[in-house]
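Taking it in order: structure first as structure tokens, then the write-up.
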Amino acid sequence: MIIGIDLGTTNSLAAYWKDGQSQLIPNNLGDFLTPSVVGLSDSGDIIVGKLAKERLMSHPELTQARFKQLMGSGKKLRLGDQFYLPEELSAFVLKKLVEDAQEYLGEPVDEVIVSVPAYFNDDQRAATKIAGQLAGIKIERIINEPSAAALTLHHSYQKEASYMIVDFGGGTLDISIVDAFANVIEIVSVAGENHLGGEDFT
């Protein structure tokens, strides 16, 4: 089974293809969105998602969020007495999404396709693949988020068109001009700002 994962700055989610369309996969709490937050429990165990997010205010020294913006930077983030690279923290999120997907689907997930912001450079994309390796997951492909959006739209309309894709995420804002024709999606132009997302307004 191959699933798609949107590894977001503030929230992440997983989906799979069924009956000619994409279907979202709920996590073990029944939510489609899993907060991209990693923390330590009182007993020192790694916790991911909603439980970790609830401890952001009460246990900031034991919790990390918004680490996606630092992917590929080499900067280490503190979690209790240990330090982690952003890709190591992302690996915890990926592993959680895959485990929840396997539980929901009732079969093993062998490979994943991960969407990343169009502005991600080679270092950031390499860090994303490393996160997959650390999580024990084979990332079959990395796809730009606007390309994924354009593919979905193009699948519905099946006609040549040019689109402006606006990805207003929690941590980033991406705008891409995309040409879609036949089975080809071509990104013509990209502009992005990784410090102009919903969290910045919050």
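The values are calculated or read from the model by the stated rules, or taken from the named source; none is laboratory data. The model shown is predicted, which means the values in this text are computed figures rather than measured ones. Backbone-built Cβ (ideal geometry, glycine too); neighbour counts: all protein chains shown. Side chains are part of the model used for accessible areas, which takes the heavy atoms of the whole protein and leaves out ligands, DNA and RNA. Shrake-Rupley method; radii C 1.70, N 1.55, O 1.52, S 1.80 Å.
Other residues with beta-carbon under 11 Å from the beta-carbon of residue 145 carry, at +1 per Lys or Arg and -1 per Asp or Glu, a net charge of -3. Of all lysines in the structure, the ones whose alpha carbon falls short of 25 Å from that of residue 95, not counting any fewer than 8 places away in one chain, are 18, 50, 53, 68, 75, 76, 129, 138. Taking Cα centre as origin and charging only the Cβ of basic (Lys, Arg, +1) and acidic (Asp, Glu, -1) residues, the dipole magnitude of the chain rounds to 240 debye.
Of the chymotrypsin sites (Phe, Trp or Tyr not before Pro) found in the range 128-202, no site is in coil according to DSSP while having at most 10 other Cβ atoms within 10 Å of its Cβ. Here r is the Cβ-Cβ distance between residue 126 and residue 186 and R0 is 22 Å; the resulting FRET efficiency, rounded to 0.05, is 0.40. Among the GluC sites (Glu not before Pro) in the range 153-200, those placed in a DSSP loop whose Cβ has at most 13 other Cβ atoms within 10 Å are 160.
Taking the range 87-128 and a reference point 7 angstrom along Cα→Cβ of residue 155, the backbone N atoms nearer than 15 Å belong to 113-115.
To the nearest ten degrees, helix 145-157 and the longest principal axis of the Cα atoms of the chain are 40 degrees apart.
Taking a sphere under 13 Å around the Cβ of residue 164 and counting the other residues whose Cβ falls inside, with K and R at +1 and D and E at -1, yields a net charge of -3. Full extension of the chain between residue 104 and residue 54 yields a length gain of 15.6 nm, computed as 0.36 nm times the residue separation minus the alpha carbon distance. Using the Cα centre of the chain as origin and beta-carbon charges of +1 (Lys, Arg) and -1 (Asp, Glu), tell me which of 150, 177, 89 is placed farthest towards the positive end of the dipole. Of the options given, the answer is 89. Looking at the range 66-158, the accessible area is 50 square angstrom per residue; that uses a 1.4 Å probe and ignores ligands, DNA and RNA. Positive contributions from Lys and Arg (+1) and negative ones from Asp and Glu (-1), summed over other residues with Cβ under 12 Å from the Cβ of residue 175, come out at -4. The angle between the Cα long axis of helix 122-134 and the longest principal axis of the Cα atoms of the chain comes to about 60 degrees, rounded to the nearest 10.
Judged by the ratio a/c of the largest to the smallest principal axis of the C-alpha gyration tensor, the range 150-202 counts as prolate, that ratio being 1.5 or greater while a/b is larger than b/c. What a 1.4 Å probe finds exposed on the chain is 51% carbon and sulfur by accessible area, rounded to a whole percent. How big is the gap, in Å, between the Cα center of the range 39-98 and the Cα center of the range 118-189? The range 39-98 and the range 118-189 have Cα centres spaced 25 Å from each other.
The chymotrypsin sites (Phe, Trp or Tyr not before Pro) of the range 47-138 include none that DSSP puts in a loop with a beta carbon having at most 15 other beta carbons within 10 Å. Estimated from helices alone, the mean residue ellipticity of the chain at 222 nm is -8000 deg cm²/dmol (sum of -39500 (n - 2.57) over DSSP H runs with n ≥ 4, per residue).
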